[in-house]
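In what follows, a single structure is set out as structure tokens and then discussed.
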Amino acid sequence: MGAAWGRRALRAGLALGALALVLQGLRGWLAAKRYEFTPAEIAQLARHHAGLDHELAFSKIIVELRKKHPGHILPDEDLQWVFVNAGGWMGSMCLLHASLTEYVLLFGTAVDTGGHSGRYWADISDTVISGTFRQWKEGTTRSEIYYPGDTIVHQAGEATSVQWSAGTWMVEYGRGFIPSTLAFALADTLFSTQDFVTLFYTLRVYAKGLLLEANAFFSTFGC
């Protein structure tokens with residue numbers, strides 16, 4: 001009995017040690033790699049078009065991103081508005097860029113909605129184009145309201161209560177280990193709405209983003 005317990009404890013210790021090494025390696029890789037975008041760049045671009053009709057603003061933002069980052073923004077035929085159900089809220093996103101460590105997307109809602117932000121291994125920033133966004137941070141007793149032109153920063157490991165008014169649209173940039181965000185983003189779809197068509201759309205557009213980035217990466221080597 002004692003020997004068996006000792007073997008189990010040893011295996012658990014080795015597994016935890018291996019996990020710690022993987023996480024440390026992942027942290028070092030994320031800190032050292034070169035990123036295609038910066039949070040300040042995306043926020044400034046969105047802020048420049050804040051207050052416009054959101055569809056007009058989005059079209060201008062897409063054009064400018066393609067000029068600044070050729071080969072890194074999905075083509076028009078791959079752009080698609082996809083529902084997102086997560087943390088009790090419902091919105092819609094249009095993915096522009098995705099890799100293992102970054103994403104840029106358009107996000108918003110046509111109805112009032114709110115819920116839990118989720119906790120991520122990624123830093124996420126949103127700049128409001130239209131409408132209002134309310135955030136209640138963990139450990140506080142007051143919420144804050146953000147308006148067009150404002151940028152909200154959700155740091156890795158944070159959790160907040162979030163609320164969007166109808167007609168709120170924003171530009172979002174995420175940086176970190178992006179696959180880790182999918183569990184939260186898809187949980188309500190899997191276990192609540194069971195909208196597997198939306199699940200397929202989400203995974204398909206993320207796969208297209210990864211393929212686009214793989215193509216850009218290998219093209220730098222003349223492949």
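The values are calculated or read from the model by the stated rules, or taken from the named source; none is laboratory data. Since the model is a prediction, treat every value here as computed from it, not as a measurement. FYI the Cβ positions are ideal-geometry reconstructions off the backbone, even for glycines, and counts take in every protein chain you see. We work out accessible area using only protein heavy atoms, side chains counted, and drop any ligands, DNA or RNA first. Shrake-Rupley method; radii C 1.70, N 1.55, O 1.52, S 1.80 Å.
Given region 95-199, what strands (runs of 3 or more DSSP E) lie entirely inside it while holding 2 or more residues that are closer than 30 Å to GLY71 by Cα and in contact with a Phe, Trp or Tyr (Cβ under 7 Å, 6 or more places away or on another chain)?
Filter on region 95-199 gives 102-109, 122-130, 168-176.
Do we have SER192 as in contact (Cβ under 8 Å) with a residue 12 or more places away in the chain, over 23 Å from ALA40 (Cα atoms) and open to solvent by 70 Å² or more (accessible area, probe 1.4 Å) here?
Yes; evaluated as a whole, the condition is true for this residue.
Only one of these is under 30 Å from ASP53 (Cα atoms) and touching a residue at least 60 places away in the same chain (Cβ under 8 Å): TYR147, TYR201. Name it.
TYR201
On the given criteria, is GLU102 open to solvent by 20 Å² or more (accessible area, probe 1.4 Å) and of a type outside the set (Val, Ile, Thr)?
Spelling it out, it is not the case that GLU102 is open to solvent by 20 Å² or more (accessible area, probe 1.4 Å) and of a type outside the set (Val, Ile, Thr).
Within region 117-145, track down each residue that is hydrophobic (A, V, I, L, M, F, W, C) and surrounded by fewer than 20 Cβ atoms within 10 Å (Cβ to Cβ).
TRP121, TRP136, ILE145
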